[in-house]
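Beneath this line is the structure, given in structure tokens, with notes to follow.
The values are calculated or read from the model by the stated rules, or taken from the named source; none is laboratory data. The structure displayed is predicted, hence computed values, not measured ones. The protein model used for the area step is the full one, side chains on, heavy atoms only, and it has no ligands, DNA or RNA in it. Shrake-Rupley method; radii C 1.70, N 1.55, O 1.52, S 1.80 Å.
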Amino acid sequence: MTLLRLPGLVDAHVHLREPGYEHKEDFYSGTVAALAGGVTTVLDMPNTQPPTATPALLQDKARRAAAKVVCDVGIFAGATNNEIDAYLPAAQTACGLKIYVSDTFGSLRIDDLGLLHRLFRTWGEKGAQVGYRDAQHPHGLGPVAVHAEELMLPVCLALSDLYDVPLHIVHVTRRSEIELIRRAKAHNYRVTCEVTPHHLFLSTEDLSRLGTLGDMRPRLATPDDVAALWENLETIDIFATDHAPHTLAEKGIGVATPPVAPPPGVPGVETMLPLLLTAVHANRLTLDQVLARCVTAPQKLYGLPVQPDTYIEVDVDAEYVLQNAAMKTRVGWTPFADIPVFGRVERVHLRGQVVYEAGQVLAAPGSGHVLFQDALADQ
Ligand code: DOR
Ligand code: ZN
């Protein structure tokens, strides 16, 4: 047994589903799953019901989270067609602005170039006023994070450049996309990007085995696309899971009449660390590359507090098989079921307290922090 002490991970892309879809996950079950995966900070996406698109809805989500979370959580604001920049007065209490311009789950989808101009312009104006968040400026704005696939990617790069807005591209999957981002970085665009473990470790070749449990947006890509992600590791700033739980019944498993259009998305917050440590074990990644992408880079991009007394203890030699029954997510499954991995989270310390040990959560609901909520009060 080799017990390593590592910083608590950040998962900068999770869907904790509250309010509106608590049968899939809520702030308690989702953050319990996070702790089981060695993750001590999660950033929650806005495609809930209702979507997190106004100051009142941001505040309501923060209140719900404050009562339930067992790890720290930041909350994204979301851009909607009907209340286009309603979130602006509370923008600093969000970890960033999420814009969906490609096919996704839920009602948040912008497909009008005029609206996109307006979103980038107003976020850029606000950013010029209050500054962007970093360790020195905890009350600034976060980046604009976009789900932009294929031809929508250069559209967002151009708008970020024109309005001088830091742009973060979530879940990149294709060779064409990662190569475009590499070139944009070489030309000093303000762009960062993230890749999910499922797009690193699964491909179209796994689809027949996984069925609907391998369906997410972006879809699993070809082996050549996956190879391109690994070839361009230096261009990938962040690994984040896009933890997007849907129940097995919603996915059409074990039901008499399968749904016509099962919702896309797979859970992932509790399997990221063992999958990455298994890649370290196989010499495909170094531990430093993992920590840069799961701790340092997301802390820097989102201006997250550095917490020296928040850390995890991981037995990096522990070898076991991932299993649905062991998952803490409310939906109780993983697309990585039956995959052998290395690396078990033994203990998690949050601000000096042991909050997870031997598979059990010891923290009370509400003991995690909701980040950035004092951004307006303290200015
Ligand atoms: O597969 C996905 N599921 N992609 C998304 O963009 C959204 C997510 C969800 O919320 O289920
Ligand atoms: Zn997502």
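When the solvent-accessible surface of protein heavy atoms is calculated with a 1.4 angstrom probe, in what order do Lys126, Lys300, Lys24 fall, highest first?
In descending accessible area the options line up as Lys300, Lys126, Lys24.
Express the relative contact order of segment 262-370 as a whole percentage, based on alpha carbon pairs under 8 Å and six or more residues apart in sequence.
Normalised by residue count, the contact order of segment 262-370 is 26 percent.
Of the heavy-atom accessible surface of the chain (probe 1.4 angstrom), what whole percent is carbon and sulfur?
53
Can you tell me the Rg and the Dmax, both Å, for the Cα atoms in segment 123-174?
Gyration radius and largest Cα-Cα distance of segment 123-174: 12.2, 36 Å.
Can you give me the three principal axis dimensions of segment 217-333 from its C-alpha atoms, in Å, biggest first?
Sorted from largest, the Cα extents of segment 217-333 read 49, 35, 32 Å.
Percent relative contact order of the chain, based on C-alpha pairs within less than 8 angstrom and at least six residues apart?
In percent, rounded to a whole number, it is 23.
Rounded to the nearest 10 Å², what accessible area does Arg217 have for a 1.4 Å probe in the complete protein model?
Only protein atoms counted, so the area is about 40 Å².
Quick check on segment 32-181: what are the equivalent-ellipsoid semi-axes from the Cα gyration tensor, as sqrt(5λ), descending, whole Å?
24, 19, 16
Radius of gyration and Dmax for segment 330-373's Cα atoms, expressed in Å?
When restricted to the Cα atoms of segment 330-373, Rg and Dmax are 14.1, 40 Å.
Could you tell me the accessible area of Thr310 in Å² (1.4 Å probe, neighbours in place), rounded to the nearest ten?
Only protein atoms counted, so the area is about 10 Å².
Return the aspartates and glutamates within reach of Lys24: Cα separation strictly under 18 angstrom, same-chain partners fewer than 8 residues apart disregarded; answer none if there are no such residues.
Within the straight-line limit of under 18 Å, Lys24 reaches these aspartates and glutamates: Asp44, Asp215, Asp242, Glu250, Glu270.
Are any of the pairs Lys98/Lys126; Lys98/Lys328; Lys300/Lys328 more than 23 Å apart by Cα-Cα distance, and if so, which?
Table pairs above 23 Å Cα-Cα are Lys98/Lys328; Lys300/Lys328.
When only Cα pairs under 8 Å and 6 or more residues apart are kept, what is the percent relative contact order across segment 159-266?
In percent, rounded to a whole number, it is 29.
Over all pairs of distinct alpha carbons, what does the Kirkwood formula give as the hydrodynamic radius of segment 146-232, in Å?
Radius from the Kirkwood sum: 13.4 Å.
Where in the chain are the helices, taken as whole DSSP H runs, whose Cα atoms extend 15 angstrom or more along the long axis and whose Kyte-Doolittle mean reaches at least -0.5?
Helices passing the filter in the chain: 113-130, 152-163.
Note down the Stokes-Einstein diffusion coefficient of the chain in µm²/s, whole number, using a Kirkwood radius over alpha carbon pairs, 25 °C, and 0.890 mPa s.
Answer, rounded: 119 µm²/s.
State the percent of C-alpha pairs, over all pairs in segment 1-111, separated by a distance greater than 25 angstrom.
Percentage above 25 Å: 22.
Provide the three semi-axes, in whole Å and in decreasing order, of the ellipsoid equivalent to segment 234-273 as defined by the square roots of 5 times the Cα gyration tensor eigenvalues.
Rounded to whole Å, the semi-axes are 29, 11, 6.
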